[in-house]
Amino acid sequence: MPGTAGGTQTGPDPARAHTVGLVYPPAEPDGTYTEQQHDFIGGVAEAAARYDYDMLLSPSVTANEPSFRRMVSPGRVDGLIVMEIRLHDDRVEHLAKAGIPYVIIGRNSTADVTGWVDLDFVGMTANCVQHLADLGHRRIAFVNRSERLFASGYGPARLSLEGYTKAMAALGLTEHAYLCGDDDASGEAVLEKILLDDPATTSLVTMNEAALRGVYLGLKRHGRVVPRDFSVVAVTAGRWVEQISLRLSAIETPVAEMSRVAVDLLRERLISPGAPPRHVLLKPLVAQRDSTGPCRQLPGDEPDLEELEF
């Protein structure tokens, strides 16, 4: 194998498969993926190709699934990247015990044994709340991911709720947090619930990009004009910023950067398996656009109906 005098690898190892595995469970029981999930899959594939790696995809929720077992069989892949990390994740536990090189996008309490890249979901959600509070909003709802994902211990959903809860408590505001499915109908339904619980709600924070269109449809049905009567800020993939008539105020998930960092971290594990694992926590900020504005609505006011276009 080519190398330097000190034994550091500088060329390809012919004994390796030159394939990395991406372990990525679907968001929904029917096996569909959100657009952000597609972006991550494409981002990892593109980053891996820069190192002349192929990519093998395993949509596995647990370590017991046949797809995962095939993925970790000897010689199949050089190492793995695991996404959609849960608080208790038997996939990463299996990899740690088996000694297979892996890194994760996300993290949990056992994550420090390997390299990881993640977003500061607590801080990002708190920043979204603060952004709305700075605009005068005091009735701020939070729209999370689905009940199924939250119950599974899905890290971003749990951490985002923590950030919302802490920020609302620090501001002395009443919390109104909701779980929501990843589709238009769920978005409309959760908006209905928000306004039923508190008709004077003037804003919301969401990390559920797949329900955004439904949220906007619900606002339209109730005659709430964005941002005059209601402000929306999201943690979302960049493409959603332009997919509604009003450019979305958002913290954009840096999918390409996270994908590239994950592949870099895995390559480091493969080249220097004994080196201390590296951890990268990204903290993107809110970009204010057209969907957030000063709080003008007073409790009891009835906004005029105006069209929202998609």
Seminar exercise, completed: Counting only residues 5 or more apart in sequence or on a different chain, those whose built amide H sits under 5 Å from that of Ala17 are Asp78
For this session: Could you tally the net charge around Pro284, taking each other residue with its Cβ under 13 Å from the Cβ of Pro284, Lys/Arg +1 and Asp/Glu -1?
Result: -3
For this session: With a 1.4 Å probe and every protein chain kept in, tell me what percent of the accessible surface of the chain is carbon plus sulfur.
Result: 52 percent
For this session: Work out from phi, with θ = phi - 60° and the Karplus expression 6.51 cos²θ - 1.76 cosθ + 1.60, the ³J(HN,Hα) of each residue of segment 44-54, listed in order in whole Hz, and give x for Gly and Pro.
Result: 5, 4, 5, 5, 5, 5, 5, 9, 6, 9, 7
Exercise. What dipole magnitude, in Debye to the nearest 20, does segment 31-156 give about its Cα centre under +1 on Lys/Arg Cβ and -1 on Asp/Glu Cβ?
Worked result: 340 debye
Exercise. For segment 171-288, what is the largest minus smallest coordinate of the Cα atoms on each principal axis, given in angstrom and ordered from greatest to least?
Worked result: 58, 33, 25
For this session: Could you pull the accessible area for Lys283 with a 1.4 Å probe, rounded to 10 Å²?
Result: 130 Å²
Problem set entry | Nonlocal amide H pairs with Thr253, under 5 Å, H built at 1.01 Å | Thr236, Ala237, Gly238
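Normalise the Cα radius of gyration of segment 113-169 by 2.2 N^0.38 Å (N = residues in it) and let me know the number.
Normalised Rg, Cα atoms only: 1.26.
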Seminar exercise, completed: Given 200-209, 127-136, the highest-first ranking by average Cβ count within 10 Å works out to 200-209, 127-136
Exercise. Given charges of +1 on the Cβ of Lys and Arg and -1 on the Cβ of Asp and Glu, with all other atoms neutral, how large is the dipole of segment 162-275 about its Cα centre, in debye to the nearest 20?
Worked result: 260 debye
Problem set entry | Share, in percent, of DSSP beta bridges within the chain that are antiparallel, nearest 5 | 10 percent
For this session: Find how many whole Å separate the alpha carbon centroid of segment 140-211 from the alpha carbon centroid of segment 261-292.
Result: 26 Å
Problem set entry | Whole-Hz couplings from phi, Karplus 6.51/-1.76/1.60, listed for segment 199-208; x for Gly and Pro | x, 8, 4, 10, 6, 8, 10, 9, 10, 9
Seminar exercise, completed: For segment 96-192, whose charge dipole is built from +1 on Lys and Arg Cβ atoms and -1 on Asp and Glu Cβ atoms, the candidate among Thr114, Thr165, Asn144 with its Cα farthest towards the positive end is Thr114
Exercise. Normalised by the number of residues in segment 183-239, what is the relative contact order in percent for Cα pairs under 8 Å and 6+ residues apart?
Worked result: 45 percent
Exercise. Once both labels are modelled 7 Å past Cα along the beta-carbon direction, what's the Glu35-Arg16 spacing in nm?
Worked result: 3.5 nm
Exercise. How many Å² of accessible area per residue for the chain, probe 1.4 Å?
Worked result: 44 Å²
Seminar exercise, completed: The ³J(HN,Hα) series, computed from each phi in segment 108-119 with the Karplus coefficients 6.51, -1.76 and 1.60 at θ = phi - 60°, rounded to the nearest Hz and given as x for glycine or proline, is 9, 5, 9, 6, 5, 6, 9, x, 8, 10, 8, 9
For this session: Would you pull out the residues with amide H under 5 Å of Thr206's amide H, same chain only if 5 or more places away, H placed 1.01 Å from N?
Result: Val143, Val233, Ala234, Val235
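The values are calculated or read from the model by the stated rules, or taken from the named source; none is laboratory data. Since this is a predicted model, take the numbers as computed values, not measurements. Positions of Cβ are backbone-derived with ideal geometry, glycine not excepted, and every protein chain shown enters the neighbour counts. In case anyone asks, the SASA skips ligands and DNA or RNA and just uses the protein heavy atoms, side chains included. Shrake-Rupley method; radii C 1.70, N 1.55, O 1.52, S 1.80 Å.
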